[in-house]
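Taken together, the values in this text are just the output of simple stated rules run on the coordinates, not laboratory data. Note that the structure is predicted; figures quoted are calculated from it, not measured. Ideal geometry is used to build each Cβ from the backbone, glycine not excepted, and the neighbour counts take in all protein chains shown.
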Amino acid sequence: MSEVTHGQSGAVVAMPVHHEHGHGHHEQSFISKYIFSMDHKTIGKQFLITGMVWAIIGGLFSVLFRLQLGYPDQTFPILETFFGKWAAGGHIQPEFYYGLVTIHGTVLVFFVLTAGLSGTFANLLIPLQVGARDMASPFLNMLSYWFFFLASVIMLSSIFVHTGPASGGWTMYPPLSALRQAGDGQKIGTDLWLIAMAMFIVSSLLGGLNYISTILNMRTKGMSMTRMPLTIWAMFFTAVLGVLSFPVLLSGAILLLFDRNLGTSFYLSDIVVNGEILPNEGGSAILYQHLFWFLGHPEVYIILLPAMGMVSEILSVNSRKPIFGYMAMLGSLFAICILAFLVWAHHMFVTGLNPFLGSVFVLLTLLIAVPSAIKVFNWLTTLWRGNIRFTPATLFAIGFVSLFISGGLTGIFLGNSTIDIHLHDTMFVVAHFHIVMGVASFFGMFAGVYHWFPKMFGRYMNNTLAYMHFWVTMVGAYLIFWPMHYQGLAGIPRRYLDKSGWVSFNQFGDLDKMITVVSIIVFAVQLMFVFNFFYSIFKGRKVTTRNPWGANTLEWTTEINPGHGNWEGEIPEVHRWPYDYGKDGREYIPQTEPVGANESKH
Amino acid sequence: MDIVSKQQKKKIHPHKFTLWVAMGSIIMMFAGLTSAFIVKSNQAGWKTIGLPKIFWVSTAVILISSIMIQLSLRSFKNREMTRYRLLLAATMVLGIVFVALQWIGFNELWAQQITFKGSGAGQFLYVIFGLHAIHIIGGIVALAVMLFKAYRGSSKLYSSVPVEVMATYWHFVDLLWVYLLVFFIIAGGQ
């Protein structure tokens, strides 16, 4: 693509500093600037805002099914007003419940925590922090967003079709998901789900290709690999994981589409549905699980690694200390990236997997504890005796570390194939992955939004609202998910609509009510965050200096509102690693400053 | 893009690098499918097939087209535009012939009662060869765009990078086909 729009910005040398909206050199139309933009910063914002819309939808769905779980006997007539037959008599119907659970999972895992998190921050930060004018291919980058948008439209439309959205769970296991006869949610809703996911995979791949080649090929002078901020390393490994694992999910989804629509039996064998004997023979439902989890496990690191990278950066900047163990951080990211591909069968311990094979996967799974512990140790030692500034971003980063520890420890339980026999498919699993992957990554994302908001919009977010947001979310997250561990240990299965049939589970009735009430409060506070976000874009306190946090990385050497091309004139040269905080009596030394003759070594 | 190339004289061009990563990604997809094939082939009720002979013809066609695009790249570098256009067009035509031959091969199999029913080598063949053909069709579309530009001749920059990227991709889908064919001969079981 021989687009040279941003080429012109390179020709702008020494323009006056005080013009606010990009380069006045060539006027861009509204459409090319905000809609079909090829500027990585705008694309990042598009990912963020689309992700926020999805987070609200996905979060609202969880509130709805929490209402059912907390108050299974009560009727909410208002639900019937809004959802009609799906909540007949003010009661959430079973089909609707499964649709809600499925869409909640899919949307939050893929659309919010993959596209909304790495899509946003990889786009925003990679060119700015490695010192590039834009991505390797701005055009592919734009396509990446628009494929995501298309996936979003298809997924959203599936909620409104007559037979309802896909309802086979976010893992979409066959044979349930492969058979139209199996229920309303398995009709057109599942096809739309599969097509939306295919579009989503294309979007992720286009994005990932760009992130990798930008990081490897377009770093500015002096920016060697080991001088890159940890955010960039994390984004790099995230992209590698995505590029290698998403295609495998795509192949699994294609086989599923064939089974659904063309009569093949890749996943189907010897099935009776509603008394009807199906002709399919020779298929294997386990095959799908292998293909799915070969992506599915790396996917949890695709979600988590960007959060880890941003937390490392934010903790170092705000404790005014170098990151502890930079190389160990790199090594552990690398180890996690490799191990991510070798543990997928721990999702399948109870599928009849050979126990000897299972024990290999147990060993590999527990090995992940090593790099994870290294990272936690390094975050804590970075904070240790730091001169900590408790900005909202710092608080969320510390919250991330807390959640990562609590959620990581329960992973050791689940990683054991023997304990997993008792715990699999219970609320314990729900508690584990929500804390360690869901909420922790959300905290990383919030930290990132609060920290880089001044770079994105040239204004600050409101701190009072931000502190309220943090404390309510932090306390709420533990109140919601901690009790679920006990429910799971007691044997309560996940995905169940109503467990009042089991007398032994009745003891948890009040606990479920409490969880529901807290989740409504937490959801309301997230809406407050959204308000704060949009309000601050227009009315927030203006940023007056280029480097409001006193950070070393390159993005703070650009103008307050950088135009397309990022730097006026030359791209700055890099002379040192990004973590020279509190060195030789100086609070911080930006990466662009040459190493002095008398400087001590780090 | 001019900035990109100015900035990075010594290194591999970012677009070429992006293509290499993309090829890794495509390899992962076919690796997923062929390993599914291997897993399934060890289970009960597996049905093998005989490969139609026409796939050998299509192999020859795609190999020749690879030579064509390589020659076309060379003529582009030597600034022989007429020859470049001609060879590029030949590549595209051979690509279309390849897809047509695959289609004939599918029909031959279908005529032997190997339909979508079941989950043996035949069904995998339709999926795997079909997806490969889609990658070829993607290449044909790119070739058509490139050919259109070559005839319009409106490009301001004379850069061989797009042609090199195209040629690399074309060789890749060619090699991918050879791999798939060999895979089906060995693992598919005649």
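What pairs can you find where one residue is in segment A:322-344 and closer than 14 Å to A:Ile232 by Cα, the other is among the β-branched types (Val, Ile, Thr), and their Cβ atoms are less than 7 Å apart, with a gap of 6+ or different chains?
Every condition considered, the pairs that remain are A:Met329/A:Ile323.
Check whether at least one residue in segment A:401-418 is farther than 24 Å from A:Leu353 by Cβ and touching an Asp or Glu at 6+ places or on another chain (Cβ under 9 Å), and report yes or no.
Scanning segment A:401-418, I find no residue that is farther than 24 Å from A:Leu353 by Cβ and touching an Asp or Glu at 6+ places or on another chain (Cβ under 9 Å), so the answer is no.
If a residue must be within 19 Å of B:Asp174 (Cβ to Cβ) and either of a type in the set (Lys, Arg) or crowded, with 16+ Cβ neighbours inside 10 Å (or both), how many such residues does segment B:97-119 contain?
Qualifying residue count for the region: 6.
Basic (Lys, Arg), touching a residue at least 40 places away in the same chain (Cβ under 8 Å) and either part of a helix (DSSP H, G or I) or farther than 14 Å from B:Trp177 by Cβ (or both), is that true of B:Arg85?
Against the criterion (basic (Lys, Arg), touching a residue at least 40 places away in the same chain (Cβ under 8 Å) and either part of a helix (DSSP H, G or I) or farther than 14 Å from B:Trp177 by Cβ (or both)), B:Arg85 qualifies.
Working only within segment B:120-175, note down all residues that are crowded, with 18+ Cβ neighbours inside 10 Å and part of a loop (DSSP other than H, G, I, E, B).
B:Gly120
Within the bounds of segment B:10-20, is there any residue that is under 30 Å from B:Tyr151 (Cα atoms), away from chain A (no Cβ under 14 Å) and either within 20 Å of the chain's Cα centre (by Cα) or small (Gly, Ala, Ser) (or both)?
no
Tell me, yes or no, whether segment A:228-239 has at least one residue that is free of Cβ contacts under 8 Å to residues at least 60 places away in the same chain, among the hydrophobic types (A, V, I, L, M, F, W, C) and part of a helix (DSSP H, G or I).
The answer is yes; a qualifying residue exists.
Among the residues of segment A:500-507, are any surrounded by 14 or more Cβ atoms within 10 Å (Cβ to Cβ) and in contact with a helix residue (DSSP H, G or I) (Cβ under 7 Å, 6 or more places away or on another chain)?
The answer is no, given that none of the residues of segment A:500-507 is surrounded by 14 or more Cβ atoms within 10 Å (Cβ to Cβ) and in contact with a helix residue (DSSP H, G or I) (Cβ under 7 Å, 6 or more places away or on another chain).
When you go through (1) in contact with a Pro (Cβ under 8 Å, 6 or more places away or on another chain); (2) of a type in the set (A, V, I, L, M, F, W, C); (3) not in a helix (DSSP H, G or I) one by one for A:Trp556, which number turns out not to apply?
Unmet for A:Trp556, out of (1) in contact with a Pro (Cβ under 8 Å, 6 or more places away or on another chain); (2) of a type in the set (A, V, I, L, M, F, W, C); (3) not in a helix (DSSP H, G or I): (3).
Scanning for something buried (at least 24 other Cβ atoms within 10 Å of the Cβ), within 30 Å of A:Leu554 (Cβ to Cβ) and within 12 Å of chain B (Cβ to nearest Cβ), does segment A:256-274 turn up at least one residue?
no
Answer yes or no: is there a residue in segment A:290-310 that is within 14 Å of chain B (Cβ to nearest Cβ) and more than 22 Å from the chain's Cα centre (by Cα).
Yes, because at least one residue in segment A:290-310 is within 14 Å of chain B (Cβ to nearest Cβ) and more than 22 Å from the chain's Cα centre (by Cα).
Among A:Phe523, A:Phe529, A:Phe534, which is the only one that is among the aromatic types (Phe, Trp, Tyr), free of Cβ contacts under 8 Å to residues at least 12 places away in the same chain and closer than 24 Å to A:Phe443 by Cα?
A:Phe534
Does A:Trp379 count as out of contact with any His (no Cβ under 8 Å at 6 or more places or on another chain), hydrophobic (A, V, I, L, M, F, W, C) and more than 24 Å from A:Gly438 (Cβ to Cβ)?
Taking the combined requirement at face value, the residue does not satisfy it.
For segment A:319-330, check the following and say yes or no: at least one residue is surrounded by 23 or more Cβ atoms within 10 Å (Cβ to Cβ) and either part of a loop (DSSP other than H, G, I, E, B) or of a type in the set (S, T, N, Q) (or both).
yes
Just to confirm my filter: which helices (runs of 4 or more DSSP H) fall fully inside segment A:103-220 and include at least 2 residues that are in contact with a Leu (Cβ under 6 Å, 6 or more places away or on another chain), closer than 22 Å to A:His564 by Cβ and within 14 Å of another protein chain (Cβ to nearest Cβ)?
The helices (runs of 4 or more DSSP H) meeting that bar are A:138-160, A:188-217.
Return the residues of segment A:82-127 that are more than 20 Å from A:Thr190 (Cβ to Cβ), in contact (Cβ under 8 Å) with a residue 40 or more places away in the chain and aromatic (Phe, Trp, Tyr); say none if nothing qualifies.
A:Phe121
Hey, can you tell me all the residues within segment A:275-289 that are within 10 Å of chain B (Cβ to nearest Cβ) and either surrounded by 22 or more Cβ atoms within 10 Å (Cβ to Cβ) or assigned to a loop (DSSP other than H, G, I, E, B) (or both)?
Correct list: A:Pro279, A:Asn280, A:Glu281, A:Gly282, A:Gly283, A:Ser284, A:Tyr288.
Looking at (1) within 23 Å of the chain's Cα centre (by Cα); (2) on the phi > 0 side of the Ramachandran plot, which one does A:Leu342 not meet, given that it meets all the others?
All conditions pass for A:Leu342, except number (2).
Would you be able to say whether some residue in segment A:225-241 is within 12 Å of another protein chain (Cβ to nearest Cβ) and more than 30 Å from A:Glu593 (Cβ to Cβ)?
Checking segment A:225-241: at least one residue is within 12 Å of another protein chain (Cβ to nearest Cβ) and more than 30 Å from A:Glu593 (Cβ to Cβ).
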